[in-house]
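Worksheet: the structure to be examined is printed underneath.
The values are calculated or read from the model by the stated rules, or taken from the named source; none is laboratory data. Here the structure is a predicted model, which means the values were calculated and not measured. Here Cβ is always computed from backbone atoms with ideal geometry, including for glycine, and neighbour counts include all displayed protein chains.
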Amino acid sequence: MKLMLKFNAVLLAIFLFGFALAWYVSNSVLQANAREEILENARVMMESALSSRNYTNIQVKPLLDTQLKYTFLPPIHFNIPCLPVHDPILLSVTT
């Protein structure tokens, strides 16, 4: 083997080792950052839900309690009705 080939092989091994080390470090840092970002977003959503619930309990519930003494208010569900794909009515309308 020539000296140049040996030198290139050593440099290639050093480069591959450095590349693997850089990949491992950057991967662990990126995983930690992603985990922190997800936790922070979850905290923000939880705080938003808690503040909405607190607002409803403090501001809206007393108004509804007094209104319920005089009239019946059925519960309101904000579900969007979905028809199954194989519904005969839906199939007759689309065909």
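Within the stretch 63-74, the residues that satisfy the criterion of being more than 34 Å from the chain's Cα centre (by Cα) and assigned to a helix (DSSP H, G or I) are Leu63, Asp65, Thr66, Gln67, Leu68. Whether any residue in the stretch 56-70 is of a type in the set (Asp, Glu) and modelled with pLDDT under 85 is what I want to check. Looking for residues that are of a type in the set (Asp, Glu) and modelled with pLDDT under 85, one finds at least one in the stretch 56-70, hence yes.
Among the residues that make up the stretch 49-60, is at least one of them exposed (fewer than 10 other Cβ atoms within 10 Å of the Cβ) and part of a helix (DSSP H, G or I)? Yes: one or more hits.
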